Amino acid sequence: MVNEMVWDLSQLVDNTDPKAIREKLNALVAEANKIGEKFHGKIVNLSAEDVLELLKARDDLKLKFDGTASYCYLIYAANSTDDVAKQLNESARQAMMNANQALAFIDIELGKLLAAKPSLIGNAVLAEYRHYLERIVRRVPHMLSETEEKLTIMKDKNGIGAWELFQSDWLSTRAFTIEVDGEKKTMPFGQITGLYQSPNRDLRRRAYETVYDVVSKDDIVWASAIRAVCDDHVQMCNTRKWPSPMTQSLIDNDVDEQAINSLMKTIQKNAGLYQRYLRLKARLMKLPKLANYDLWAPLPQAPSMTYAWSDASNEVTSAYAEFDQQIGDWIIDMYEKRHLDGEPRNGKTAGAFCSSWLAGKSAYILQSFNGRMGDVYAQAHELGHAIHAYLLSRAQKPTNCDVGSCVAETGSIFGELLLTERLLQKAKTKEEKQAILSVILDEFGNAAFLVSARVFLEQVLYDNLKQGQLLDGEAIGRLWVTARTSICGDAVDWLDILKWGWATTPHYYISNYRFYNYPYVYAQLFVYALYRLYKEQGKEFIPKLKALLAAGSSKSPRDLATELGFDITSEEFWQKGMKQYEEFINTLEKTMQH
Ligand SMILES: [Zn+2]
């Protein structure tokens, strides 16, 4: 009997024999080197036709070996204790690194060519690659000489790179001792943070106290790390001529400052709406006020709804099919071809993800399905990513399938809203409705509002550095409390020790990745605005959403919105997303009236 909950990865390759797969990986590196030999050092003299040949060659290479590389990563993700999987994953990583290294010169040399011949960007021969070339041009003014770039990599390895490693090593090697069900237990960070969502309120509070009691003892270390990372970034802004600390991230995410400013202003203006939800949640939890350890807590009276694998797939398929038949058919295709791995097993990667399979014009999904409502939502979310892959792999070259974080969650969050719509229609009791609504309202509150507080902190850290303020642990803590309060107001009681909340946020320490957070905010509000538009326009909206997803990275997020008739630099657009959020809060409030 075939297990429907286990995926079939054999479709990714012609031959699953490890020896054949290794040969294929060697061929990948050899072919990448061949492209390198042909074009390295010569791009500056290429015509438009030659550039097209080069980019097509790289895209063909990607398609040819896409399945093999995916196969190696995915069998390992499904079971990291399997020796063959371990070896193949390692071989694939090495081969991909070698191939990428062999082709790394392309973007750098294209930058030089385009700086010398900007008219190439508009050349009709390169129309399909136009936006990709535009993105390279945007980086050119900030590139350093080859020697300087090499020195930068060297300084980062033992500089900001070391701080990043230190922060994650510190967290993952600490042991936390806490009493659970009358028994003293010692556990790592990854496990104790799981208790933040326990139904037991006292345990949640103690979990936070235990973690931050340990964290706060090393305040000097956290402050040194953050100062070093921020100060290094300020230096790099001067060296690379980035006008603001956010510029690097804006270029990476293919957005502009005006749009992000409007987005963040909209969040600030609507903080009261979030606080309204927090007060409703407090009422649902029969509390005078929420504490910080209630923000992610499940509702105590939520009915325990469990789903079999087939129930979940029925709900999710119907939710998508009711929206659009073609999308529904692709979802069925995902289940029928067994592209989902839901079986919980030892050695399986935690969480859930969707991996695009461009060559197969499809995708693969991994999750550990335990029948909870959250698992059904995770499935709908990942299938939204899969639909994105179905659409863009049919419309775009691989170069245009590199979707940035602001747009990458469009299919997935939209899918969650479609599932919500369906589950709400079927819900029989108000408790059921409240449980469903709290899933998406908690998610939005976290990703749009609480994450914004982190953006505000990052901004104010740079302002303080510029003014020459000394940022010790207490000072950063005060700035964090101010940022947090500007979002939550007085709707939440925070444990005093949570002024160290910033210390455990990995984003602040990631090297060469400043302002990591606002794309989460963008994604939530963008999709809520799209969903609102769907509610207004009905069926007419569906082809527009499909065109947006099919465009991949061939257009900027700004242009994608313009095609829908929106200006993402205006607060009016973002307010539309907020309106939808308010609508969900109103629906929740209605379930609470007698
Ligand atoms: Zn996602």
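The values are calculated or read from the model by the stated rules, or taken from the named source; none is laboratory data. If you're wondering where the values come from, they're calculated on a predicted model, not measured in any experiment. Using ideal geometry, Cβ is built from the backbone for each residue, glycine included, and neighbour counts are taken over all protein chains shown. Quick note on the areas: whole protein, heavy atoms, side chains included, nothing else; ligands and nucleic acids left out. Shrake-Rupley method; radii C 1.70, N 1.55, O 1.52, S 1.80 Å.
Summary of computed values
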{"quantity": "Check on residue 568, among the aliphatic types (A, V, I, L, M), in contact (Cβ under 8 Å) with a residue 24 or more places away in the chain and over 21 Å from residue 253 (Cα atoms)", "calculated": "no"}
{"quantity": "Every residue from the range 235-269 that is touching a Pro at 6+ places or on another chain (Cβ under 7 Å) and in a helix (DSSP H, G or I)", "calculated": "237"}
{"quantity": "Any hit, the range 301-309, residues being of a type outside the set (S, T, N, Q) and open to solvent by less than 10 Å² (accessible area, probe 1.4 Å)", "calculated": "no"}
{"quantity": "Whichever residue in the range 299-326 is part of a loop (DSSP other than H, G, I, E, B) and touching an Asp or Glu at 6+ places or on another chain (Cβ under 9 Å) and, among such residues, is nearest to residue 582 (Cα to Cα)", "calculated": "299"}
{"quantity": "From the options 77, 69, residue that is closer than 22 Å to residue 353 by Cα, at pLDDT below 95 and surrounded by 14 or more Cβ atoms within 10 Å (Cβ to Cβ)", "calculated": "77"}
{"quantity": "For residue 333: the one exception among (1) closer than 24 Å to residue 526 by Cα; (2) away from the ligand (no atom under 16 Å from the Cβ); (3) not polar (S, T, N, Q)", "calculated": "(1)"}
{"quantity": "The range 511-540, subset polar (S, T, N, Q) and under 15 Å from residue 267 (Cα atoms), residue surrounded by the fewest Cβ atoms within 10 Å (Cβ to Cβ)", "calculated": "517"}
{"quantity": "Residue in the range 468-489 that is under 16 Å from residue 269 (Cα atoms), of a type in the set (Gly, Ala, Ser) and in contact (Cβ under 8 Å) with a residue 60 or more places away in the chain present", "calculated": "yes"}
{"quantity": "Hits in the range 371-409 - residues which are touching a residue at least 60 places away in the same chain (Cβ under 8 Å), buried (at least 23 other Cβ atoms within 10 Å of the Cβ) and within 14 Å of the ligand (Cβ to nearest atom)", "calculated": "379, 380, 383, 387, 388, 403, 406, 407, 409"}
{"quantity": "The range 351-370: number of residues that are within 15 Å of the ligand (Cβ to nearest atom) and part of a loop (DSSP other than H, G, I, E, B)", "calculated": "3"}
{"quantity": "Among (1) assigned to a loop (DSSP other than H, G, I, E, B); (2) acidic (Asp, Glu); (3) touching a His at 6+ places or on another chain (Cβ under 9 Å), the one test that residue 490 misses", "calculated": "(3)"}
{"quantity": "Failed condition for residue 35, given (1) assigned to a helix (DSSP H, G or I); (2) within 28 Å of the chain's Cα centre (by Cα)", "calculated": "(2)"}
{"quantity": "Residues (open to solvent by 10 Å² or more (accessible area, probe 1.4 Å) and either closer than 21 Å to residue 517 by Cα or not hydroxyl-bearing (Ser, Thr, Tyr) (or both)) located in the range 436-450", "calculated": "439, 442, 443, 446, 447, 450"}
